[in-house]
Amino acid sequence: AQSVTQPDIHITVSEGASLELRCNYSYGATPYLFWYVQSPGQGLQLLLKYFSGDTLVQGIKGFEAEFKRSQSSFNLRKPSVHWSDAAEYFCAVGAQDTNAGKSTFGDGTTLTVKP
Amino acid sequence: DTAVSQTPKYLVTQMGNDKSIKCEQNLGHDTMYWYKQDSKKFLKIMFSYNNKELIINETVPNRFSPKSPDKAHLNLHINSLELGDSAVYFCASSQDLRGETQYFGPGTRLLVL
């Protein structure tokens, strides 16, 4: 069974500082990996995804993530955080098997940005 | 154009009532989902449908009954509402079952009094 762990429940960074949100997954084969962002009162929006190929993927809003198979990780990074990045961030793993029909989401990391 | 829409956005009701939430996607996707997000923001899948066929039912009480009249719609009916049903319910869709990108609706905030 697939699973996702986001070890940090809450992270606070200063505006302009760099950011790294951690995500570890468990899956038997090569997974689909996603980062979604949820702004207050909104639905989830895809930031970026990894399916195959280059292990460093670029997303929207200046985010990037690196797939490290040896560490079963897919950490999200941003070099300089903006106040508008304050939100809930979810890592998710999806099965590449057909008929899987399911992505598993981590419990989320709440990002607070200090002025 | 809204890709995935849900109605209503807010729903306040008494315990014991029956209510429905509607979801529509105009992306031409085959697969649709219902998720429940609790007060701690944990997101749990409830159901998924592919081409109107139920694929996943994650041990949800049978008071919850999804219905998919066509592959663009997935509605959620809840009988005998309980206090613990208070949550935000998200509908989502994806191209197919292969665990690809999901597109989420704005959520329905359900409060049971």
- [ ] With only Lys, Arg, Asp and Glu charged, each at its Cβ (+1 for the first two, -1 for the last two), find how big the charge dipole of the protein assembly as shown is about the Cα centre; round to the nearest 20 debye.
- [x] 220 debye
Task: Total accessible surface hidden between B and A, rounded to 100 Å², 1.4 Å probe - done: 1900 Å²
Task: Built amide H within the under 5 Å cut-off of A:G108, gap 5+ - done: A:Q6, A:C91
Open item on the list: Checking the cross-link filter: which lysines have an alpha carbon closer than 19 Å to that of B:K22, excluding same-chain neighbours under 8 positions apart?
Closed with: B:K9, B:K36, B:K44, B:K52, B:K67, B:K71
TODO: For the stretch B:4-82, give the percent of accessible area contributed by carbon and sulfur heavy atoms, probe 1.4 Å, rounded to a whole number.
DONE: 48 percent
TODO: Could you work out, residue by residue across B:37-45, how many beta carbons of other chains sit within 10 Å of that residue's beta carbon, and then give the average as an integer?
DONE: 5
Open item on the list: With a 1.4 Å probe and all protein chains left in place, how much of the accessible area of chain A comes from carbon and sulfur atoms, in whole percent?
Closed with: 48 percent
Task: Cut-off of 10 Å, at most 14 other beta carbons, DSSP loop: longest stretch of chain B lacking such GluC sites (Glu not before Pro) - done: B:1-57
Task: Globularity index of the protein assembly as shown, i.e. its alpha-carbon radius of gyration over 2.2 N^0.38 Å - done: 1.01
Task: In sequence order, calculated HN-Hα J values of the stretch A:60-67 (Karplus, 6.51, -1.76, 1.60; Hz; x Gly/Pro) - done: 7, 6, x, 8, 9, 9, 10, 8
Open item on the list: Counting only protein heavy atoms, probe 1.4 Å: which residues of the stretch B:80-113 lose 10 Å² or more of accessible surface in the full assembly compared with their chain by itself?
Closed with: B:F90, B:L97, B:R98, B:G99, B:E100, B:T101, B:Q102, B:F104, B:P106, B:R109
TODO: Given the options A:Y50, A:Y27, A:Y89, state which has the largest fluctuation in a GNM of chain A using a 10 Å cut-off (strictly under) for Cα springs.
DONE: A:Y27
Task: chain A: Lys pairs at Cα distance under 20 angstrom, eight or more positions apart or on different chains - done: 8
Task: Sites matching trypsin sites (Lys or Arg not before Pro) across the stretch B:38-113 that sit in DSSP coil, with at most 10 neighbouring C-beta atoms within 10 Å - done: B:K40
- [ ] On a C-alpha basis, how far is the centre of the stretch B:44-62 from the centre of the stretch B:1-33 in Å? Whole number, if you could?
- [x] 15 Å
TODO: Amide H neighbours of B:S86 under 5 Å, at least 5 residues apart or on other chains, H built in the peptide plane: list them.
DONE: B:V112
Open item on the list: Please list, in order along the stretch B:36-45, the HN-Hα scalar couplings obtained from phi with the Karplus expression 6.51 cos²θ - 1.76 cosθ + 1.60 (θ = phi - 60°), rounded to whole Hz, x for Gly and Pro.
Closed with: 10, 10, 7, 5, 8, 6, 6, 10, 10, 6
Open item on the list: How much accessible area per residue does chain A have, counting only protein heavy atoms and a probe of 1.4 Å, in square angstrom?
Closed with: 46 Å²
TODO: Let me have the relative contact order for chain A, percent, based on Cα pairs under 8 Å that are six or more residues apart.
DONE: 37 percent
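The values are calculated or read from the model by the stated rules, or taken from the named source; none is laboratory data. Because the structure is a prediction, the values reported are computed rather than measured. Reconstructed Cβ throughout: ideal geometry from the backbone, glycine too, with neighbour counts over all protein chains shown. Quick note on the areas: whole protein, heavy atoms, side chains included, nothing else; ligands and nucleic acids left out. Shrake-Rupley method; radii C 1.70, N 1.55, O 1.52, S 1.80 Å.
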